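The values are calculated or read from the model by the stated rules, or taken from the named source; none is laboratory data. Not measured: the values here are computed from a predicted model. Here the Cβ is made from the backbone with ideal geometry for all residues, glycine too, and neighbour counts use every protein chain on show.
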Amino acid sequence: MIHIRIANREQIPIIVAEHLRKQLERKPDSVIGLPTGSTPLMVYREIVAQHKKGKIDFSRVITFNLDEYVGLDGKHVQSYKYYMYKNLFRHVNIDLNNTHIPNGVAENLEEECRRYDQLIEQLGGIDWQLLGIGLNGHIGFNEPGECLSAVTHVQRLLEETRIANARFFGSLQDVPTHAITMGMGSILRAKKIVLIATGQEKAKILAKAVNGPITTRVPASFLQLHQDVTFVLDQAAASAITRLRNDSCEFAH
Ligand code: F6R
C-alpha cells in the first residue's frame with residue numbers, strides 16, 4: 001500500500017527525520033538503505049540536526065547505499081561515497097565500518113555486486129529504505145526498460161539520466177556511463193520504504209508510479225506491490241496524482 005503525504009517543502013525533511021527516529025526507537029540496530037542526489041540533502045541536514053539534539057542515535061545503525069558510479073573512487077567529489085561522508089556520516093555517531101556503498105572501482109564488478117547482495121542478506125535485509133525518484137521513474141539506478149534486475153548489478157545509465165546528473169559534474173561527458181545499483185529485489189524486500197520527491201518536474205512520473213500500471217517502463221510503479229511505502233511529496237510533485245488505484249493509496253494531507 002502506498003501512503004501519500006503531501007507537505008510543504010520545508011516540512012518534508014522533518015517528516016522523514018521523524019519517520020527514521022521512530023524506526024531507530026523501535027530497532028536501534030536497524031539496517032537502513034540510503035539514496036543520494038539533490039532531494040535527500042535537506043533530509044540529511046535535518047537528520048544531522050536531530051542527531052545533534054540527541055534525538056537520533058546512529059551508534060548501532062548499519063547503512064547500505066543504493067548505488068555508486070562505476071569508475072569513481074571514494075575520493076572523487078562526485079562519488080556517492082564522498083557524498084555520504086560529506087553530507088551525513090561525518091556529522092553523526094555512525095561507525096564507518098557499518099556503512100556500505102558499492103565499490104565502483106572494484107576489479108571485478110560482478111563479484112562486487114554479489115558481495116553486496118550477500119552482505120545485505122547476512123545483515124538481515126533492509127529495515128527502512130529511503131528513496132528518491134528519477135525523472136524517468138528510476139529508483140536507485142534501476143532504469144526503465146524491457147526488464148528489471150532483482151539483484152545488485154552494473155547498470156548502463158540512460159542518456160536522460162546522464163543529462164539529468166550532468167548538473168553535478170559540469171559536463172555530460174564527465175558523467176559516468178555505468179553505475180552499480182541495488183536491484184529491485186533488495187529494495188522491495190525492505191520492510192518499510194519512504195520515497196521523497198519535490199517539484200513540478202517530478203509530477204508526471206509520480207502519477208505514473210502511483211496511478212499507472214505496474215511496468216518495467218516505470219520502475220517506481222513496482223512500489224505499488226509493497227506493503228508499507230510512504231511517498232512524502234510537496235504539492236507540486238503530487239499535483240498530477242489523480243485517482244487512487246485499486247484502493248491501494250491513501251491520502252494523508
Ligand atoms: C541516487 C538514487 C536516484 C535518485 C534520483 C533522483 O542514489 O537513488 O534514484 O534518487 O536520480 O535524484 P534527485 O534527488 O537529484 O532528483
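Among the residues of the stretch 1-57, those that are touching a strand residue (DSSP E or B) at 6+ places or on another chain (Cβ under 9 Å) and part of a loop (DSSP other than H, G, I, E, B) comprise 1, 7, 27, 29, 30, 35, 36, 39.
Residue count for the stretch 132-177, restricted to those that are on the phi > 0 side of the Ramachandran plot and in contact with a strand residue (DSSP E or B) (Cβ under 6 Å, 6 or more places away or on another chain): 2.
For the stretch 90-104, filtered to residues that are of a type outside the set (S, T, N, Q) and farther than 13 Å from residue 35 by Cα, the residue that is nearest to the ligand (Cβ to nearest atom) is 104.
For the stretch 165-186, the candidate set comprises residues that are crowded, with 19+ Cβ neighbours inside 10 Å and aliphatic (A, V, I, L, M); within that set, the residue that is nearest to the chain's Cα centre (by Cα) is 182. The set of residues in the stretch 196-209 being away from the ligand (no atom under 13 Å from the Cβ) and touching a strand residue (DSSP E or B) at 6+ places or on another chain (Cβ under 6 Å) consists of 208 alone. For the stretch 162-191, filtering for residues that are assigned to a loop (DSSP other than H, G, I, E, B) and at pLDDT below 95 leaves 1.
Any residue that is within 18 Å of the chain's Cα centre (by Cα) and not β-branched (Val, Ile, Thr) - is there at least one of those in the stretch 50-57?
No, because not a single residue in the stretch 50-57 is within 18 Å of the chain's Cα centre (by Cα) and not β-branched (Val, Ile, Thr).
Where residues in the stretch 58-98 are within 19 Å of residue 30 (Cα to Cα) and of a type in the set (S, T, N, Q), which of them is surrounded by the most Cβ atoms within 10 Å (Cβ to Cβ)? Result: 65.
Could you grab me the full set of residues in the stretch 146-164 that are in contact with a helix residue (DSSP H, G or I) (Cβ under 9 Å, 6 or more places away or on another chain) and either in contact (Cβ under 8 Å) with a residue 40 or more places away in the chain or small (Gly, Ala, Ser) (or both)? Of everything in the stretch 146-164, those that are in contact with a helix residue (DSSP H, G or I) (Cβ under 9 Å, 6 or more places away or on another chain) and either in contact (Cβ under 8 Å) with a residue 40 or more places away in the chain or small (Gly, Ala, Ser) (or both) turn out to be 148, 149, 150, 152, 153, 154.
Condition check ((1) touching a residue at least 60 places away in the same chain (Cβ under 8 Å); (2) among the aromatic types (Phe, Trp, Tyr); (3) more than 16 Å from the ligand (Cβ to nearest atom); (4) closer than 18 Å to residue 139 by Cβ) across all residues:
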{"position": "6", "(1), (2), (3), (4)": "yes, no, yes, no"}
{"position": "9", "(1), (2), (3), (4)": "yes, no, no, no"}
{"position": "14", "(1), (2), (3), (4)": "no, no, yes, no"}
{"position": "18", "(1), (2), (3), (4)": "no, no, yes, no"}
{"position": "26", "(1), (2), (3), (4)": "no, no, yes, no"}
{"position": "33", "(1), (2), (3), (4)": "yes, no, no, yes"}
{"position": "40", "(1), (2), (3), (4)": "yes, no, no, yes"}
{"position": "45", "(1), (2), (3), (4)": "no, no, no, no"}
{"position": "49", "(1), (2), (3), (4)": "no, no, yes, no"}
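Within the stretch 124-161, the set of residues being surrounded by fewer than 17 Cβ atoms within 10 Å (Cβ to Cβ), within 12 Å of the ligand (Cβ to nearest atom) and not in a loop (DSSP other than H, G, I, E, B) comprises 160 only.
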